[in-house]
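J.: Structure in structure tokens, see below.
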Amino acid sequence: ISLGIALLFLGLNSGFAQKDFEGKISFTIEYIKMPDEMKAMEAMLPKGMTTYVKGDKSRMEQDAGMGGQTIVLNDNSSKETVVLMNMLGQKMAIIPSEEEKKQAEADMAKVDIKLVDETKEVAGYTCKKAVMTSLDMESPMVIFYTEDIPNGSADMAQVPGMPLEYTTEQQGMKMRIAATSISKEKVGNSMFEVPLDYEKLTGEELQKKFQGLGN
């Protein structure tokens, strides 16, 4: 749940011109460090994610444990980000309100991106380095991105290319997400549509819904 909300509220879109790309990117997730209280749950944590890109649109899929799934739909042309959550039998589409969009803009104003003169090959692509910092971040995020693929990332939209590897640390957990394979293939338009059987909620309505379930 927290992953989806974080992606949604940071979901501003990239304005960088990119080369056309249509295809699939597979990522692995490595847990470098985690709090002792979470080690018992390590087997349930997601080990990978998949991103589909078609021009200005992207779709990120990640298993959420216990058969659940989180999907982030991002559209740079319409500047819209939607988080689809399928958890415990409930299907929800989180669409930000105008107030939440303004808050996301304020959050992104705190983010600083420093481009570094360093390269690294990731999944066959030569990537450049960026370091992202913010007053709300515990430590800098190190990112390696390629300018050959449009940036479909909702939470790293200020990076001038698709992040293919990045390391982040929050609340005592350090993770490295890295692309393992990239394939150019056709991606259907339906991949970027909100399914009809998903309940549409704002971020605030989602939080109230789960607070109600906890009472």
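J.: Report the residue count in the range 2-29 for those that are modelled with pLDDT of 85 or more, closer than 29 Å to Ala109 by Cα and open to solvent by 60 Å² or more (accessible area, probe 1.4 Å).
T.: Initial filter on the range 2-29 (modelled with pLDDT of 85 or more): 21-29.
Remaining after also requiring closer than 29 Å to Ala109 by Cα: 21, 25, 27, 29.
Among the residues that remain, those that are also open to solvent by 60 Å² or more (accessible area, probe 1.4 Å) are: none.
Going through the range 2-29 one residue at a time, the tally reaches 0.
J.: Determine whether the range 119-135 contains at least one residue that is under 21 Å from Leu201 (Cα atoms) and open to solvent by 20 Å² or more (accessible area, probe 1.4 Å). If you could, list the steps in order and put the result at the bottom.
T.: Restricting attention to the range 119-135, the residues satisfying the condition of being under 21 Å from Leu201 (Cα atoms) are none.
Scanning the range 119-135 turns up no residue that is under 21 Å from Leu201 (Cα atoms) and open to solvent by 20 Å² or more (accessible area, probe 1.4 Å).
J.: Of the residues that make up the range 92-99, is at least one touching a strand residue (DSSP E or B) at 6+ places or on another chain (Cβ under 8 Å), more than 22 Å from Glu193 (Cβ to Cβ) and surrounded by fewer than 14 Cβ atoms within 10 Å (Cβ to Cβ)?
T.: Of all residues in the range 92-99, those touching a strand residue (DSSP E or B) at 6+ places or on another chain (Cβ under 8 Å) come to 92-96.
Within this subset, residues satisfying the condition of being more than 22 Å from Glu193 (Cβ to Cβ) are none.
No: zero hits.
J.: Does Ile177 satisfy the condition of being open to solvent by less than 50 Å² (accessible area, probe 1.4 Å), within 20 Å of Tyr52 (Cβ to Cβ) and under 19 Å from the mean Cα position of the chain (by Cα)? Walk me through it before giving the result.
T.: On the way: open to solvent by less than 50 Å² (accessible area, probe 1.4 Å): yes; within 20 Å of Tyr52 (Cβ to Cβ): yes; under 19 Å from the mean Cα position of the chain (by Cα): yes.
Spelling it out, Ile177 is indeed open to solvent by less than 50 Å² (accessible area, probe 1.4 Å), within 20 Å of Tyr52 (Cβ to Cβ) and under 19 Å from the mean Cα position of the chain (by Cα).
J.: Keeping to the range 39-58, report how many residues are touching a residue at least 40 places away in the same chain (Cβ under 8 Å), over 16 Å from Gln69 (Cα atoms) and either in contact with a His (Cβ under 8 Å, 6 or more places away or on another chain) or not polar (S, T, N, Q) (or both).
T.: 5
J.: Of all the strands (runs of 3 or more DSSP E) wholly in the range 112-178, which have at least 3 residues that are polar (S, T, N, Q)?
T.: Values: elements: 112-122, 125-133, 141-146, 162-170.
It comes to 162-170.
J.: Can you go through Gly188, Gly161 and tell me which one is of a type outside the set (A, V, I, L, M, F, W, C), within 19 Å of Ser26 (Cβ to Cβ) and open to solvent by less than 20 Å² (accessible area, probe 1.4 Å)? Before you say what the answer is, go through the steps one by one.
T.: Values: Gly188 fails: open to solvent by less than 20 Å² (accessible area, probe 1.4 Å).
Result of the check over Gly188, Gly161: Gly161.
J.: Then there's this: Of all residues in the range 89-131, which are closer than 19 Å to Ala179 by Cα and aliphatic (A, V, I, L, M)? Reasoning before the result, please.
T.: From the range 89-131, those closer than 19 Å to Ala179 by Cα are 118-131; that's our starting set.
Once the filter is applied, which keeps residues that are closer than 19 Å to Ala179 by Cα and aliphatic (A, V, I, L, M), the range 89-131 yields Val122, Ala123, Ala130, Val131.
J.: From the list Thr146, Thr168, which residue is without any contact (Cβ under 8 Å) to a residue 40 or more places away in the chain, open to solvent by less than 40 Å² (accessible area, probe 1.4 Å) and in contact with a Gly (Cβ under 6 Å, 6 or more places away or on another chain)? If you could, list the steps in order and put the result at the bottom.
T.: Details: Thr168 fails: in contact with a Gly (Cβ under 6 Å, 6 or more places away or on another chain).
Criteria check complete, one pass: Thr146.
The values are calculated or read from the model by the stated rules, or taken from the named source; none is laboratory data. None of the values given here were measured: they were computed from a predicted structure. No Cβ is skipped: glycine too gets one built from the backbone with ideal geometry, and neighbour counts run over all protein chains shown. All accessible areas refer to the heavy atoms of the entire protein, side chains included, with ligands and DNA or RNA removed. Shrake-Rupley method; radii C 1.70, N 1.55, O 1.52, S 1.80 Å.
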